[in-house]
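The values are calculated or read from the model by the stated rules, or taken from the named source; none is laboratory data. In this text, all values refer to a predicted model and were calculated from it rather than measured experimentally. Backbone-built Cβ (ideal geometry, glycine too); neighbour counts: all protein chains shown. Note: accessible area is taken over every heavy atom of the protein model, side chains too, but ligands, DNA and RNA are not part of it. Shrake-Rupley method; radii C 1.70, N 1.55, O 1.52, S 1.80 Å.
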Amino acid sequence: TIHAETFEGAWPNSWYCNGNYTASGQDITWAPQTYAVHNGTRAGWPHASAFDPHDYYLLSANAGTTMTSEMIYGPFDLSAATDARVRFWLAYDLGANDVFAWAVSADGGNNWYGTQVAGGISPWSEVTFDLKAVPTLGNICGQTSVYFMFACDSDDQATQNEGPFIDDVVIEAY
C-alpha cells in the first residue's frame with residue numbers, strides 16, 4: 001500500500017488541497033465531514049474545508065464560472081510496480097453539469113488523465129481505477145513520479161445537489 005486515506009485522522013496529512021473559490025478568506029476545498037460516510041465517522045467532501053454538508057448543498061459557482069476543488073496525492077514511485085490501482089468508495093448526487101473526476105499525472109501535474117461522472121445519483125459503491133489502463137496514458141507502472149487527484153467541478157446552475165462523497169481511499173502497487 002502506497003497510501004490509505006480514511007479521513008479519520010489529521011487533515012490534510014499527505015494530500016494537497018486546492019480550490020478556486022474562497023469563503024470568509026478560506027479556500028473552499030476537500031476536507032473530512034460527518035454527513036455521509038461509508039466507513040467510520042468521516043469521509044471526504046469537496047467543500048468541507050469551509051462548509052458543513054449538514055447545512056449546505058454542493059455550492060454553485062458565480063454566473064458563467066465553475067467552482068473547482070482538487071485533492072492531490074503525490075508524487076509516488078511506480079518504477080518497481082508491475083500492477084497498481086486506486087480503490088475508493090464513492091457516493092454522489094450531482095447536478096446535470098457537475099463533474100466528479102479521478103485522474104493521474106505522470107508529468108508533474110501538468111496533464112491529468114482519468115475518469116469522471118457527471119450528473120446523476122449513486123449510492124455508495126467501490127471504484128477501482130486500474131493504473132495499467134489509464135485513459136490516453138495506458139500503463140503507468142514503471143513511472144517514477146506519479147500524482148493522483150480527485151476533482152469536483154460545480155457549475156453556476158444553483159441546483160440543490162449534495163455532490164460527491166469519497167471514503168476509504170487506497171493507492172496500491174504490486
Next on the checklist: Yes or no: segment 136-153 includes at least one residue that is within 19 Å of residue 59 (Cα to Cα), at pLDDT below 95, of a type in the set (Gly, Ala, Ser) and open to solvent by less than 30 Å² (accessible area, probe 1.4 Å).
Outcome noted: no
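Every residue, every condition in (1) in contact with a strand residue (DSSP E or B) (Cβ under 7 Å, 6 or more places away or on another chain); (2) at pLDDT below 95; (3) surrounded by 21 or more Cβ atoms within 10 Å (Cβ to Cβ), yes or no:
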| position | (1), (2), (3) |
| --- | --- |
| 38 | yes, no, no |
| 58 | yes, yes, yes |
| 63 | no, yes, no |
| 82 | no, no, no |
Item to check | Pairs where the first residue, in segment 153-174, is polar (S, T, N, Q) and the second is assigned to a strand (DSSP E or B) and open to solvent by 50 Å² or more (accessible area, probe 1.4 Å), C-beta under 9 Å, 6+ apart | outcome: 154/97; 157/96; 157/97; 159/96; 159/97; 161/121
Item to check | Selection within segment 18-35 - modelled with pLDDT of 90 or more and surrounded by fewer than 20 Cβ atoms within 10 Å (Cβ to Cβ) | outcome: 18, 34, 35
Checklist outcome for this item: Counting only residues that are under 22 Å from residue 41 (Cα atoms) and not charged (D, E, K, R), segment 123-150 contains a total of 5
Checklist outcome for this item: Taking segment 138-158 and keeping residues hydroxyl-bearing (Ser, Thr, Tyr) and not in a strand (DSSP E or B) leaves 144, 145
Checklist entry - Among 118, 103, 48, 91, which is of a type in the set (A, V, I, L, M, F, W, C), part of a strand (DSSP E or B) and buried (at least 21 other Cβ atoms within 10 Å of the Cβ)? => result 103
Next on the checklist: Just to be sure before I move on: is residue 140 under 20 Å from residue 17 (Cβ atoms), touching a residue at least 12 places away in the same chain (Cβ under 8 Å) and out of contact with any Ser or Thr (no Cβ under 7 Å at 6 or more places or on another chain) in the structure I sent?
Outcome noted: no
Checklist entry - Looking at this structure, is residue 4 exposed (fewer than 15 other Cβ atoms within 10 Å of the Cβ), modelled with pLDDT of 85 or more and more than 24 Å from residue 114 (Cα to Cα)? => result no
Checklist entry - How many residues are within 23 Å of residue 148 (Cβ to Cβ), in a strand (DSSP E or B) and of a type in the set (A, V, I, L, M) when one looks only at segment 18-35? => result 1
Item to check | Selection status of residue 124, within 13 Å of the chain's Cα centre (by Cα), in contact (Cβ under 8 Å) with a residue 24 or more places away in the chain, at negative phi and surrounded by fewer than 20 Cβ atoms within 10 Å (Cβ to Cβ) | outcome: no
Item to check | Residue that is farthest from the chain's Cα centre (by Cα), among those in segment 19-47 that are closer than 17 Å to residue 99 by Cα and small (Gly, Ala, Ser) | outcome: 19
